[in-house]
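Before any comments, here is the structure.
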Amino acid sequence: MRGGSVGPGQCPRYDLLMASHADLHALLNPRAVAVIGASSRSGQVGGVVLARLLEGGRPVYPVHPDESEVCGIRTVPSVDALPDGVDLAVIAVGAARAVEAAEACARLGIAHLLVIAAGFAETGAAGRALQERLAALPGRHPTRILGPNTLGLHVPHTRLSTLFVEHAPELLARGGGVAFVTQSGSVGVEAVGLAANIGFGLRAFVGLGNKCDLDEVDFLEHFAADPGTTCLAFHLENLDCGRRFLEAAATASRRKAVVVLKAGRTPAGAAAASLHTGRLAGSDRVVDGAFRQFGILRAADDEALCDAARTLAALPLPRGPRVGIITPAGGYGVMAADQVETPPERGAARLALASLAGATRERIRAATPPFASADNPVDLTAVADDAMFAAALDALLDDDAVDIVLCGAFFAAHGVTDGLVDVLAEHVRGARKPILAFTLYGPKTERYLRRLHEAGVVGFPSVARVVRAARVLVQRAGLLDAPGGAR
């Protein structure tokens, strides 16, 4: 068990019991929650958080010394007056008062504290001193701390949310397999919210904030052991415990993909990251090499992080890099072929256009008009219908020369109906090869992509993004096939 305070840049060493996975189950699915700083005054963060938590159906206790009722709930006057059974205290007051409240909660034995306030290590010496007081608490009490300077949690399957900013909750309510852990709450919320427009299966969202106690390794280890998590996605600005993270990620990645967006790649970005979090950001060149060595996939930006996560969480891995393309619009087939054959950026996997077997081309010709193209890319032309898509998919999936199928699901052709969603979903469910869709349909694009997502089909609104997703699958497969992998 650690004692004393842990300052910025130091790597905490946890007692084995304190670091057990069971600790975080109560954080992510608490029996009851206290909200310190809940207020009925308009716009107050504590009131917004309380309203979010009440939607979860569990007991929630607003703590306020002066107000008798908040959101129709009778308040508790102080931390000491809280009943037994509170597993999580959300502290939504200013930095100095937050430390005092955290100390009171720790003395009471509340297992988990979530500190929302900013004004800690990222602000200078006075803030660092406050953060060190927080960081000292787990060494003296059976208490773990998330934050400070964090948006906290959004966990669809346990109906827990402390996020006080808009985050597309209705689009994420279906849940999914991606555990998304982010150091910057605002980056994470915007990234996941934008991804949810076209479909994003979220297992849990965790805002790390300043990481005075719980850090990326704690959540990496927890979600690696969680049966409901199929992919782990991280946005990080610094890695204080780099060796711990790399070793934990290497173990986790044998079972589940680990994708990281490490911000601060340039000197200017690294300096900005240090100002944002009060921590030093590591050398990007060292990070890049270490990620490759330990089986971590690296994302270039927030869009790439979300695209990779939603793809890896849902699809089987290919046996090779050979891509078959189906489209009812020849021009997009040409663009997709160009993207596939273009040499990738450093670190990305190389793809190749598959050479279709003669039997495959004959099957496609038999199901399509004479002016369609049965070569790769397969061009069904503007007379395409749902049956032609089904026949072409069957042919490519049966061809041993094809490892991945990209399908341009364009609904503008008169013969293509909404039934194409069901055609794709049926093939995805039965396929041992990954099928990725891309679609463009003006203002209806996002609606169709959400329908595809709800049917279990991973889709994208551009050729570039669907090809990039295919590269991620091949890269992940290559990591597992490498010596030490668990393919």
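The values are calculated or read from the model by the stated rules, or taken from the named source; none is laboratory data. Just so you know, these numbers come straight off a predicted model, no measurement behind them. Ideal geometry is used to build each Cβ from the backbone, glycine not excepted, and the neighbour counts take in all protein chains shown.
Descriptive notes on the structure:
- Flag if residue 390 is touching a helix residue (DSSP H, G or I) at 6+ places or on another chain (Cβ under 6 Å), farther than 17 Å from residue 311 by Cβ and not aromatic (Phe, Trp, Tyr): yes
The rows are residues; the columns are (1) surrounded by fewer than 22 Cβ atoms within 10 Å (Cβ to Cβ); (2) in a loop (DSSP other than H, G, I, E, B); (3) hydroxyl-bearing (Ser, Thr, Tyr).
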{"position": "413", "(1), (2), (3)": "yes, yes, no"}
{"position": "425", "(1), (2), (3)": "yes, no, no"}
{"position": "446", "(1), (2), (3)": "yes, no, no"}
{"position": "453", "(1), (2), (3)": "no, no, no"}
{"position": "456", "(1), (2), (3)": "yes, yes, no"}
{"position": "467", "(1), (2), (3)": "no, no, no"}
{"position": "478", "(1), (2), (3)": "yes, no, no"}
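- Residue selected from region 141-171 under the condition part of a loop (DSSP other than H, G, I, E, B) and charged (D, E, K, R), by the criterion surrounded by the fewest Cβ atoms within 10 Å (Cβ to Cβ): 166
- Members of region 341-378 found to be of a type in the set (S, T, N, Q), closer than 21 Å to residue 392 by Cβ and assigned to a loop (DSSP other than H, G, I, E, B), listed by number: 355, 368, 376
- Going through (1) surrounded by fewer than 24 Cβ atoms within 10 Å (Cβ to Cβ); (2) farther than 19 Å from residue 215 by Cα; (3) touching a residue at least 12 places away in the same chain (Cβ under 8 Å) one by one, residue 100 falls short only on (3).
- Residue match in region 57-70 (condition: in contact with a Lys or Arg (Cβ under 8 Å, 6 or more places away or on another chain) and either under 27 Å from residue 215 (Cβ atoms) or not assigned by TED's automatic domain parsing to the domain that holds residue 141 (or both)): yes
- Any hit, region 185-197, residues being over 21 Å from residue 465 (Cα atoms) and at pLDDT below 90: yes
- Check on residue 138, of a type outside the set (S, T, N, Q), closer than 25 Å to residue 100 by Cβ and not in a strand (DSSP E or B): yes
- Qualifying residues in region 220-249 (those that are small (Gly, Ala, Ser), in a helix (DSSP H, G or I) and more than 19 Å from residue 285 (Cα to Cα)) - the one nearest to the chain's Cα centre (by Cα): 224
- Test: residue in region 144-161 that is under 27 Å from residue 455 (Cβ atoms), assigned by TED's automatic domain parsing to the domain that holds residue 262 and modelled with pLDDT under 95: no
- Answer residue from region 254-306, given it is within 16 Å of residue 182 (Cα to Cα) and basic (Lys, Arg) and is modelled with the highest pLDDT among those: 298
- Condition check for residue 412: of a type in the set (A, V, I, L, M), outside the structural domain of residue 306 (by TED's automatic domain parsing) and modelled with pLDDT under 95: yes
- Counting the residues of region 98-135 that are in contact with a Cys (Cβ under 7 Å, 6 or more places away or on another chain) and assigned to a helix (DSSP H, G or I) gives 3.
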